[in-house]
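The values are calculated or read from the model by the stated rules, or taken from the named source; none is laboratory data. Note that the coordinates shown come from a computational prediction; the quantities given were computed from them, not determined experimentally. Here Cβ is always computed from backbone atoms with ideal geometry, including for glycine, and neighbour counts include all displayed protein chains. In case anyone asks, the SASA skips ligands and DNA or RNA and just uses the protein heavy atoms, side chains included. Shrake-Rupley method; radii C 1.70, N 1.55, O 1.52, S 1.80 Å.
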Amino acid sequence: MERMETHMKPTIGILGLGKIGRAAGENLLKEGYRVLAVRRPSTEDFVGVGGALVATAAELARQCDLVITCLPDEASMHAGFEGPDGLVAGAHAGLTVLEMGTFAAELKAQLAALLKPKGAAMLDSPISGTPSMVASKVGVLFVSGDRAVADRCTDVINAFAPKNYYVGEFGSGMAIKLVTNFIVGANSLVVAEAFVFGIKAGLDPDLMIKVIGPSAAQSRVFDFRAPMIAQRKFKPAPGPAHILWKDLQFIRDESDRMGLAAPVLKAQLEWFGRMMSQGKQDDEVAAVFEMLESATQSPKH
């Protein structure tokens, strides 16, 4: 399989040095890669861990062989790619953009089309996992796009996300990410509702964790979120509700487009929507437990 590193390690850029971007960047630094980011007040300390800073996204593209994008919203995607200071302005033949965000596949395709005349290519490669999971290299990367381009990036990808899968043509990464987050959201709601049920039935939350964990109901979501519910500790949030809520909007749009019945999705939209409307967008997803608990009525006799 062809590799990007034929004789020396490529230079890597991170556009969007938030929690996930920083985790990926620091993992790459530990593996001996030169890693650059755009200078911002929030990125000055990146130099202290071995990274380097440049003035603009265009300069990032000019100096790098591969740029990983981890931007928070559509506005920042447009700003990061377009205009005189954007990635496209600095793109060059052979540049690869590894797009790790959760956005509409149409938006990613539009930005990929802007790169193509420059001889640059984009891979739609959303990542599944919290920042701590990415830092520990257990996040899962869904790589989609031109297979030859993906193969050239194999060593770089393995350096920061060894759990990665090539899932098909461009856009397939986003499709499987939405399926994944649909299941994560549904499981989170189920775990929260089950704990309301168990507590109202007189069960001790810690006992439930102890005996349900190894049972047929065990899941990664249960292991991750049940202790938060038992301790009623929803901040700081490793998985803020607003991130899942953003993903649920994409899932809803695709579900509507395909004409799905989507009863479980509707339940998620209702209860996580209550979190948004009550200003709990920065709370952990598991805090949906509080929404369900507050809606609980007195038992019937």
Qualifying residue in the range 226-241 (condition: of a type in the set (S, T, N, Q) and surrounded by 13 or more Cβ atoms within 10 Å (Cβ to Cβ))
no
Can you tell me which residues in the range 89-111 are surrounded by fewer than 21 Cβ atoms within 10 Å (Cβ to Cβ), within 23 Å of the chain's Cα centre (by Cα) and at pLDDT 95 or above?
L107, A109, Q110
Take the conditions aromatic (F, W, Y) and farther than 30 Å from E74 by Cβ and apply them to F195. Does it pass?
yes
Mind listing whichever residues of the range 191-232 are of a type in the set (K, R) and assigned to a helix (DSSP H, G or I)?
K200, K210, R220, R225
Flag if L53 is modelled with pLDDT of 95 or more, on the phi < 0 side of the Ramachandran plot, among the hydrophobic types (A, V, I, L, M, F, W, C) and open to solvent by less than 60 Å² (accessible area, probe 1.4 Å):
yes
Is it the case that some residue within the range 5-14 is assigned to a helix (DSSP H, G or I), modelled with pLDDT of 95 or more and either open to solvent by less than 30 Å² (accessible area, probe 1.4 Å) or touching a Cys at 6+ places or on another chain (Cβ under 7 Å) (or both)?
no
Could you check, for the range 120-133, whether at least one of its residues is of a type in the set (V, I, T) and under 17 Å from the mean Cα position of the chain (by Cα)?
yes
Restricting attention to the range 255-282, and to residues there that are outside any loop (DSSP other than H, G, I, E, B) and charged (D, E, K, R), which single residue is farthest from I176 (Cα to Cα)?
R274
Selection from the range 163-182 of residues of a type outside the set (F, W, Y) and without any contact (Cβ under 8 Å) to a residue 24 or more places away in the chain yields V179
Regarding G139, is this residue touching a Ser or Thr at 6+ places or on another chain (Cβ under 8 Å) and modelled with pLDDT under 95?
yes
Going through the range 72-86 one residue at a time, which ones are closer than 16 Å to G21 by Cα and either modelled with pLDDT of 95 or more or in a helix (DSSP H, G or I) (or both)?
S76, M77, G80
Residue, least open to solvent (accessible area, probe 1.4 Å), within the range 263-301, restricted to residues that are more than 23 Å from the chain's Cα centre (by Cα) and more than 22 Å from I229 (Cα to Cα):
P263
Pairs where the first residue, in the range 204-233, is within 11 Å of F289 (Cβ to Cβ) and the second is surrounded by 20 or more Cβ atoms within 10 Å (Cβ to Cβ) and aromatic (F, W, Y), C-beta under 6 Å, 6+ apart
I229/F195; I229/F289
All-but-one check, M208 against (1) open to solvent by less than 30 Å² (accessible area, probe 1.4 Å); (2) under 30 Å from A175 (Cβ atoms); (3) at pLDDT 95 or above, failing number (2)
